[in-house]
Every structure is written in C-alpha cells, then in structure tokens.
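Chemist: Submitted below is the structure of interest, expressed as structure tokens.
The values are calculated or read from the model by the stated rules, or taken from the named source; none is laboratory data. Note that this is a predicted model, so its numbers are computed, not measured. FYI the Cβ positions are ideal-geometry reconstructions off the backbone, even for glycines, and counts take in every protein chain you see.
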Amino acid sequence: MKIVVIGTRGFPGVQGGVENHCENLYPELVKQGCDVTVFSRSPYVGGNGGIYEGVKLVALDCPRNKFLEAIVHTFMSVLKARMLNPDIVHIHAVGPSLFAPLARILGMKVVVTSHGPDYMRKKWNLPAKIFLRFCERMGMVFANEVITIAKNIADNIKNKYGRDSAIIPNGVNIPSLAETETSLKNFGIKKGKYALSVGRFVPEKGFDDLIDAFNRGGFTGWKLVIIGDADHEDKYSRGLKAKTGNNPDIVLTGFLKGEPLHEFYSHAGLFVLASYYEGLPIVLLEAMSYGLSCIASDIPANRNVNLEENRFFKTGDIKAISKKIEEYIHEPWNEAERQKQINMIINKYNWRKIAEETFKVYRKIV
C-alpha cells in the first residue's frame, strides 16, 4: 500500500507533537508493508530528504512563516502527491486539512488526523482562528476517514460535524535511562535536583506561568530546566528569556535532541506540564515513560493521561503551580510507583499497536 504523508514539518529531530508522531508512526507502518513518502519542509530539514528507517523523505521549499508555510507547503505537497499515484494521502493537523477537497478532486483517497483544535492556541489572532475553523471543516467533511488522537477531540468533532472518527492516540517508546550526565554538567545542573519542562515557546505551553511560579521561591537546592525554543522568534519567546534573566536557578537550554535530551529526561526529579492547550501531550507521555514523577495542568488533554487526581493543578494559577512543585519535590517517588507508570505506558501507548490501528483505517478505504 502506497502512502503519502502531508502536514508535518519533517523529521527526525524536529520539535513538535505532529513531527514526533510521524517520526515514530511511519517506520512502524513500513514494517507492516507500506510504501511511505513524507513531504517535509526544507527550512526545518534542509537538503532534498533521504530515507529514514524505510520512510522516503522529500523536502519541499516553503516560506518559514507561521501564517503561510503550512498553506504553501500543503498545496505543493498535494500536487506532488498526485504524481506518485498513492493509495492514501494522509494529512495531519487542522491547517493542512484545508486541502482535503483538492486531494479528493484530484482523485486521491484521504485520511485526516486531527491532533486537536489548533484554533484554540493562543498564538493565533481572531482572523487566523476563523480560518483554522474553516480548515477543520474542510478536512472533516471531505476526508474519506478521520483519525483523532484523543476521546475529547473525537467528541468535539462528533458534536460539530456529526462525524465518527477512529481514536488512535500518540505513543512513546520506553527508554533505558542514561548513565551519563554530560549535558547536565554543561549547564551546571545536579542529577535529581531539577524540575523539567519541554516544548515549543508558544503562549499555550504556559512556560511564563511556570517561570513565575518558580520565581516565587521556596525550592532551595533545586533548579527549573526548560528545554525548547521558538520556531519563529516573537515577543512571547523574547519575553520568556527576559523573565529568567535575574534567576540563576532557571535554565533555558534551547532546543535539544538525541543524547542531551535523553540525559535531562533520565535524571530529572520532577516533570511539569503547565499547558493551556494540548492535543495529546507527547512530552508528558515521554516523561512518564522514563518513570518520572509528573504534575500537569488540569485540562481535558492532560486528563486523558492516567495521572493521580492530586497531580493536577489549576491552569494559569501561579500560586497553585508553585505549591504543587514544592509538594512533589519533597514527595518520594518509589520504584514500585515508577514501574507501575511505565507498565501503563507500555500497554496503552505502544507504537506498534498504534500503527496496526492506523493500517486498519487505511484498509477500510482501500
């Protein structure tokens, strides 16, 4: 079965939830006999592509602009896809769904995966939000089949469009813990003595709240480490960096991948996710796969993950975030609790199973 994938910036090693999803899903589908071509965005991956674990990567030029790049790249990708005569065009995310009708007009069968209502993100102004709602409608109306990554997203689509979807979550791979601490030492960080958060520097991730909460103090001997950066430098991302200027206990590492990222996940004392919006939070699942003690904002997407009730805090409540961090850096996390959490992740968020469920959706069409 020949599959063309559209809607991701690319991979490997490109930050973003859709990017992580595609990087893990499509090699598994190759193992199941699929011929997979992914159209990526050259500003993020460079060059002309190549092959990654059996997946063919084709880099297409597009402007690196948060308003234009997805539209330009998806339009070009749909036209290029028609030349490959695929069995399925798989479009990811709300914005690229705009071109589901074009793909159908060109005679291709379309699967759309909704990773969540992107128009809820704080970074978009009102006209952009209205446009993204229209993009979502085009995808939901014209796709042959729809996949959602969480039940709350599926319920939202059912209520708005009367459309059923296959609920297939994100997944994670269970890592072995890093034995080295090179990256920690480079940033002056002590093993087990830091709270970790990971993500892109966009308003809905709540990093400004997290920094404000840590600036309240009361975390003697601990540091806050935030791993990530902005795709497009703006007032918000510059403001985050300015907020940390006077506190040596808050460390912004920039975007990390590979062994450095692996080390920080392996040796953290606590993981914190302060988001206002998520589709299904891959970074939280990754932290749980390392067996980390985790706390998270009380939003529907985070509620889909099996954390204990007491590990949620009110979104945007600086005092509550600070109090919850203080509570759990002093709460011992024993091996039995750690292993129970890892076993849950293995059973519920396994990429092989996720690929099998995705392949069933393809077979319904083909």
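Chemist: Quick one: which residue in S176, S197 is in the same structural domain as K223 (by TED's automatic domain parsing) and either among the hydroxyl-bearing types (S, T, Y) or farther than 20 Å from T244 by Cα (or both)?
Modeler: That would be S197, the only listed residue that is in the same structural domain as K223 (by TED's automatic domain parsing) and either among the hydroxyl-bearing types (S, T, Y) or farther than 20 Å from T244 by Cα (or both).
Chemist: Restricting the search to the range 1-14, which residues are surrounded by 21 or more Cβ atoms within 10 Å (Cβ to Cβ) and over 23 Å from K364 (Cα atoms)?
Modeler: Step one: filter the range 1-14 for residues surrounded by 21 or more Cβ atoms within 10 Å (Cβ to Cβ), giving 3-11.
Residues satisfying the conditions are T8, R9, G10, F11.
Chemist: Testing K241 on (1) under 22 Å from Y265 (Cβ atoms); (2) in a helix (DSSP H, G or I), one condition comes back false. Which one is that?
Modeler: With respect to (1) under 22 Å from Y265 (Cβ atoms); (2) in a helix (DSSP H, G or I), K241 is out only on (1).
Chemist: Inspect the range 180-194 for any residue being under 18 Å from H21 (Cβ atoms) and of a type in the set (S, T, Y) and give the result as yes or no.
Modeler: There is no residue in the range 180-194 that is under 18 Å from H21 (Cβ atoms) and of a type in the set (S, T, Y).
Chemist: Follow-up question, since we're still on this one. Please work out which residue is surrounded by the most Cβ atoms within 10 Å (Cβ to Cβ), limiting yourself to the range 282-292 and to residues that are in contact with a helix residue (DSSP H, G or I) (Cβ under 6 Å, 6 or more places away or on another chain) and part of a loop (DSSP other than H, G, I, E, B). Give the derivation first.
Modeler: Our first condition is that a residue be in contact with a helix residue (DSSP H, G or I) (Cβ under 6 Å, 6 or more places away or on another chain); within the range 282-292, this holds for 282, 288-291.
Checking which are part of a loop (DSSP other than H, G, I, E, B) leaves us with 290-291.
Working: Y290: 25, G291: 21.
Only one residue fits best here, namely Y290.
Chemist: Okay, next question. Being of a type in the set (S, T, N, Q), over 18 Å from the mean Cα position of the chain (by Cα), surrounded by 14 or more Cβ atoms within 10 Å (Cβ to Cβ) and assigned to a helix (DSSP H, G or I) is the filter here, so list the residues in the range 148-201 that pass it.
Modeler: Scanning the range 148-201 gives N156, S183.
Chemist: Among the residues of the range 324-334, is any crowded, with 20+ Cβ neighbours inside 10 Å, at pLDDT below 90, in a helix (DSSP H, G or I) and out of contact with any Pro (no Cβ under 9 Å at 6 or more places or on another chain)?
Modeler: no
Chemist: Counting only residues that are part of a helix (DSSP H, G or I) and at pLDDT below 90, which one in the range 1-27 is farthest from D87 (Cα to Cα)?
Modeler: Pass one, the range 1-27, residues part of a helix (DSSP H, G or I): 17-27.
Subsequent filtering for residues that are at pLDDT below 90 retains 17, 20.
Values: G17: 25, N20: 24 Å.
The residue in question is G17.
Chemist: Looking for something of a type in the set (A, V, I, L, M) and farther than 17 Å from I250 by Cα - is there at least one such residue anywhere in the range 201-212?
Modeler: yes
Chemist: If you check K158 against the conditions, is it charged (D, E, K, R) and assigned by TED's automatic domain parsing to the domain that holds G279?
Modeler: no
Chemist: When you scan the range 28-130 for helices (runs of 4 or more DSSP H) that lie fully inside it, which ones turn up with 1 or more residues that are more than 17 Å from I3 (Cβ to Cβ) and modelled with pLDDT under 95?
Modeler: Answer list for the range 28-130: 42-45, 69-84.
Chemist: Which numbered condition in (1) touching a strand residue (DSSP E or B) at 6+ places or on another chain (Cβ under 7 Å); (2) surrounded by fewer than 19 Cβ atoms within 10 Å (Cβ to Cβ); (3) farther than 20 Å from A93 by Cβ is the only one that K31 fails?
Modeler: The one condition K31 does not meet is (1).
Chemist: Looking only at residues that are assigned to a strand (DSSP E or B) and not hydrophobic (A, V, I, L, M, F, W, C) in the range 245-274, which one is nearest to the chain's Cα centre (by Cα)?
Modeler: The selected residue is G254.
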